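Report on the following structure.
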Amino acid sequence: MVIMTAKLSKSKLIAIALLLVIVIVIAVICLSHASSPAEPETQTETAVPAQNAGTNEGRIAFLSAFGWEVTDQPVQTQQVRVPTDPSEVFLRYNELQRSQGYDLSTLAGKTLNRFVYEVLNYPDADGTYYATVLVYQDEVVGGDICSSAKSGVMHGFKLPD
């Protein structure tokens, strides 16, 4: 029978334990980031989490967090399906979503609830503006602010300067 022994000093044992702890912490951070919902690599606006966007009050509170005042009830409510084979129009719209921290491509094939509210306080408004909130499983997953004019603007939830 062959017996091998190794002698470790306390400083080497502490260094090995510290290295092991660092490796575990890095692994946990990487795994938690990988298991979280996909986020765009670059964000120009930060997504604001909505408290219970499944309720009208929750959606209005969500829009209020950006400074928007909207009608008490949506002017339009419908279900929309995220395409599995995206068109150029969808890809452009999703770029807007990605710029504010959402990514609709992760929901391909899913049915979302779309709520449209009339905006009451759009700065220097010339015409009617609407806030669209897209909800999936009681969470806001995207949306926009847009003008009803034929050549109107569309942008993210952030209130323009």
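Mind checking the full-extension length gain between Asp124 and Ala149? Use 0.36 nm per residue of separation minus the Cα-Cα distance, one decimal, nm. Don't jump to the answer; show the numbers that get you there.
Values: separation 25, 0.36 × 25 = 9.00 nm, distance 1.42 nm.
Full extension of this stretch gives 7.6 nm more.
Consider all pairwise Cα distances in the range 58-130 and report the whole-number % of them above 20 Å. Write down the numbers at each step before the final one.
On the way: 1144 of 2628 pairs.
Everything past 20 Å amounts to 44 percent.
Sorted by accessible area with a 1.4 angstrom probe, largest first, how do Lys110, Lys10 fall?
Values: Lys110 85, Lys10 170 Å².
Heavy-atom accessible area, descending, gives Lys10, Lys110.
The values are calculated or read from the model by the stated rules, or taken from the named source; none is laboratory data. As the structure is a prediction and not an experimental result, all values here were calculated from the model. Accessible surface areas use protein heavy atoms only, side chains included; no ligands, DNA or RNA. Shrake-Rupley method; radii C 1.70, N 1.55, O 1.52, S 1.80 Å.
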